[in-house]
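Taking it in order: structure first as structure tokens, then the write-up.
The values are calculated or read from the model by the stated rules, or taken from the named source; none is laboratory data. These figures come from a predicted structure and were not determined experimentally. All Cβ positions, glycine included, derive from the backbone under ideal geometry; neighbour counts span all protein chains shown. The area values use the complete protein model at the heavy-atom level, side chains included, leaving out ligands, DNA and RNA. Shrake-Rupley method; radii C 1.70, N 1.55, O 1.52, S 1.80 Å.
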Amino acid sequence: MTAVKTYVAVVPAAGIGSRMQSTVAKQYLTIGNKTVIEHTLDALLSHPQIQSVVVVLHPQDSTFASLRVADSPLVDVVIGGTERVDSVLSGLQHCLRKVPSSLHSWVLVHDAARPCVTHSELNDLLSCENTCDGAILAVPVSDTIKRATQSEKIATFEIAETVDRAQLWQAQTPQFFPLQKLIAAIQLAQDSGIKMTDEASAMEHTNASIQLIEGRSTNIKITRPSDLALAAFYLSNNISSNMNENSKQGGNRCSV
Ligand SMILES: Nc1ccn([C@@H]2O[C@H](COP(=O)(O)OP(=O)(O)OP(=O)(O)O)[C@@H](O)[C@H]2O)c(=O)n1
Ligand SMILES: C[C@](O)(CO)[C@H](O)COP(=O)(O)O
């Protein structure tokens, strides 16, 4: 039987969730009997091809250590930085320090705030290794897109133009790249003062061929208050599909 290739996932979880308008950081809000981050880590660690995760925490995070998942041998913790990209880089550099031979291995980066990712989407993404220079989950834009302009009269926004959406996709995570190339690309982009809101932004400056893998609109990033109820609704369906898929694959992982 051929060995199943496994990967490390870096999970940026060092944000403060300001747009959530909650006193609790959104990764620690609860859905059902678990926090958002526990749902996310369960979705990742129950996939047979995800060997471990590196969770990147805020320097003042005093919550994660109290979660049962924090005791898992499959979970490493590092401290993040001011911007998401700084946190991601911290996680990637930990991967390299821990396993120097993983220099050319591919790595996943997945937002802690995206708990609804399914094994089916992970399978589609992981199958891209070596067919391109990297791949991300994304969904084609379905709404009409307007470019906004701040109106002088009142502090609102007005339509500046309608943007052709034929070639517009909404990037999600996980994003999947060779570890060493991603580290180098992020460091080069940072040195060049390039703003990065995702990993692909950095790799795009290395003329890498990055594949858009059509994911699902249910793989939402919990960002604003209304997203929590939506994620809870999706999770009430996704969990069963992940467990079914995991057993289908003969997965050897159960939720931690
Ligand atoms: N300095 C940062 C900022 C964000 N993140 C993580 O990156 C993911 C996506 O970021 P976002 O949705 O923007 O989270 P926040 O930065 O917490 O939200 P906000 O921008 O509303 O403050 C989240 O899991 C968040 O915890 C991180 O690890 N380090
Ligand atoms: C990485 C990401 O989730 C892709 O859509 C998004 O860019 C994160 O942005 P945020 O402002 O850090 O939430």
(request) Restricting attention to region 146-195, report how many residues are among the acidic types (Asp, Glu) and in a strand (DSSP E or B). (result) 2
(request) Could you please find all residues in region 134-155 being open to solvent by less than 60 Å² (accessible area, probe 1.4 Å) and more than 25 Å from ILE220 (Cβ to Cβ)? (result) THR149, SER151
(message) Please go through (1) in a loop (DSSP other than H, G, I, E, B); (2) hydrophobic (A, V, I, L, M, F, W, C); (3) modelled with pLDDT under 60 for ILE239 and return the number of the only condition it doesn't satisfy.
(response) (1)
(request) Look through region 156-175, keep the residues that are within 30 Å of ALA9 (Cβ to Cβ) and open to solvent by 80 Å² or more (accessible area, probe 1.4 Å), and return whichever of them is farthest from ligand 1 (Cβ to nearest atom). (result) GLN167
(request) Please list, ordered by first then second residue, the pairs with beta carbon atoms under 9 Å, 6 or more apart or interchain, first in region 7-28 and among the hydrophobic types (A, V, I, L, M, F, W, C), second part of a strand (DSSP E or B) and within 11 Å of ligand 2 (Cβ to nearest atom). (result) ALA9/VAL109; ALA9/PRO174; VAL10/VAL109; VAL11/VAL109
(message) I'd like the full set of residues that are closer than 18 Å to VAL78 by Cα, of a type in the set (S, T, N, Q) and more than 6 Å from ligand 1 (Cβ to nearest atom), limited to region 8-50.
(response) THR40
(request) Select from region 96-125 the residues that are part of a helix (DSSP H, G or I), within 16 Å of GLN51 (Cβ to Cβ) and either open to solvent by less than 10 Å² (accessible area, probe 1.4 Å) or polar (S, T, N, Q) (or both) and list them in ascending order. (result) SER101, SER102, HIS119, LEU122, ASN123, LEU125
(request) Please state which of the following conditions GLY17 fails to meet, knowing it meets all the rest: (1) open to solvent by less than 30 Å² (accessible area, probe 1.4 Å); (2) within 30 Å of ASN130 (Cα to Cα). (result) (2)
(request) For region 115-138, state whether one or more residues are of a type in the set (Gly, Ala, Ser) and closer than 15 Å to GLY15 by Cβ. (result) no
